[in-house]
Amino acid sequence: MVKATGIPGGCAVGDGQVLGLLVWTLIAGTEYFRVPAFGWVMFVAVFYWVLTVFFLIIYITMTYTRIPQVPWTTVGLCFNGSAFVLYLSAAVVDASSVSPERDSHNFNSWAASSFFAFLVTICYAGNTYFSFIAWRSRTIQ
């Protein structure tokens with residue numbers, strides 16, 4: 001059985017961090033401002049990428065052990081759950097905004113960002129599941 005720590009960004013750090021970086025760099029390297037929907041995708045991708053880096057630093061430095069007043073399992077569940085929901089909406093918006101007729105020059109980058117956005121969504125969904133298991137086992141004790 002996998003031991004879930006409940007630290008925010010645990011599973012999403014390795015895979016979701018790199019994939020999330022790909023999502024927003026693939027969009028940022030294009031003329032995304034011509035399609036208003038990509039503003040939402042950029043906001044979600046950059047926001048959760050920065051937060052995940054923040055929680056990675058907390059995890060690596062083991063700061064969470066020095067701040068026992070914070071319910072880290074609850075923080076992890078809320079962070080991963082909100083990341084899953086918002087990334088799912090951003091991935092759907094990203095996929096629905098990609099069309100070869102709109103701008104064929106940027107089509108490949110936008111299509112790739114849509115693919116990676118769904119992969120990041122899957123990573124955050126898995127991390128939400130493990131955070132829920134950690135939260136439930138913590139509240140039962």
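Each 5 Å bin from zero up to the one holding the largest Cα-Cα distance in segment 9-67 carries the following percent of pairs: 4, 19, 25, 19, 13, 10, 6, 3, 2, 0.
How much of the accessible area of segment 9-141, in percent, comes from carbon and sulfur atoms when a 1.4 Å probe is used? Carbon and sulfur: 71 percent of the exposed surface of segment 9-141.
State the extension gain, in nm to one decimal, for the chain segment bounded by R34 and R66, taking 0.36 nm per residue of separation less the distance between their alpha-carbons.
In short, 6.9 nm is gained.
The angle separating the long axis of helix 107-140 from the principal Cα axis of greatest extent in the chain is about 10 degrees. The angle between the Cα long axis of helix 37-60 and the longest principal axis of the Cα atoms of the chain comes to about 30 degrees, rounded to the nearest 10.
The value obtained for the chain, namely the Cα convex hull volume divided by the number of residues, is 99 Å³ per residue. The sum of -39500 (n - 2.57) across all DSSP H runs of n ≥ 4, divided by the residue count of the chain, sets its helix-only mean residue ellipticity at 222 nm to -24500 deg cm²/dmol.
The values are calculated or read from the model by the stated rules, or taken from the named source; none is laboratory data. Bear in mind that the values here come from a model prediction, so they are computed numbers and not experimental data. Just the protein is used for accessible areas: all its heavy atoms, side chains included, with ligands, DNA and RNA removed. Shrake-Rupley method; radii C 1.70, N 1.55, O 1.52, S 1.80 Å.
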